[in-house]
Amino acid sequence: TIRTTDMTERGEINLQDPPRIDVEEEELAKHRVLEGDLLVTRSGSIGTMAVFRHDYEAIPSAYLIRFRFPSQVIPEFVRAYLNSTYGQDLLGLSENSTAQPNVNGTSIKEMQFPLPSVEEQQRIVDTIDHLLSFCDDLEDLLSETGEHGEQFAKAALEKASADQQDTVATGMAA
């Protein structure tokens, strides 16, 4: 089973000695995670998301919601959108939210948001991936420079994060 703790902030799944259970084929067929499924945590680290990009058989734990999209929707785009400030507001997970966070499949399914073309979704995902890779490289470089580098790295990462959210928002307006 895939657990919330197996999901990274970058939206990847890294299994760490996962629990294994025997599941009847009929049940496995109903609950199996497929390539491109988006997993969203509904308790614990609420709102943590990852896209399943593996070839092993797995099912989500009880704390995960699984979403499957048609071919005109890129799951990484949906993940980026839901992780944006606007998406977090829609999920009720923003810092300004006064309500108790409650992420459930029904509330996410009922969300409406503009969906750009597949090409534009891919461009946005590629831009975000490029920015995150740049941030990783910058963080590695600056970690070698000591305390001053750390302060600069934090400021640069905050700027890159804001740019990522602007990229998603710009894609939505297109």
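Remarks
- With respect to (1) open to solvent by 90 Å² or more (accessible area, probe 1.4 Å); (2) modelled with pLDDT under 70; (3) among the hydroxyl-bearing types (Ser, Thr, Tyr), the lone exception for Ser94 is condition (1).
- Looking only at the range 10-41, and only at residues there that are surrounded by fewer than 18 Cβ atoms within 10 Å (Cβ to Cβ) and under 26 Å from Gly92 (Cα atoms), the one that is farthest from the chain's Cα centre (by Cα): Gly36
- Taking every residue in the range 120-139 that is farther than 24 Å from Gln72 by Cα and open to solvent by 70 Å² or more (accessible area, probe 1.4 Å) and pairing it with any residue that is small (Gly, Ala, Ser) and modelled with pLDDT under 90, at least 6 positions away or on another chain, the pairs with Cβ-Cβ distances below 6 Å are Glu139/Ala153.
- Phe77 meets the conditions (1) assigned to a helix (DSSP H, G or I); (2) at pLDDT 90 or above; (3) more than 28 Å from Asp136 (Cβ to Cβ) in every case but one. The failed one is (3).
The values are calculated or read from the model by the stated rules, or taken from the named source; none is laboratory data. Keep in mind it's a predicted model, so treat the numbers as computed, not measured. Using ideal geometry, Cβ is built from the backbone for each residue, glycine included, and neighbour counts are taken over all protein chains shown. Accessible surface areas use protein heavy atoms only, side chains included; no ligands, DNA or RNA. Shrake-Rupley method; radii C 1.70, N 1.55, O 1.52, S 1.80 Å.
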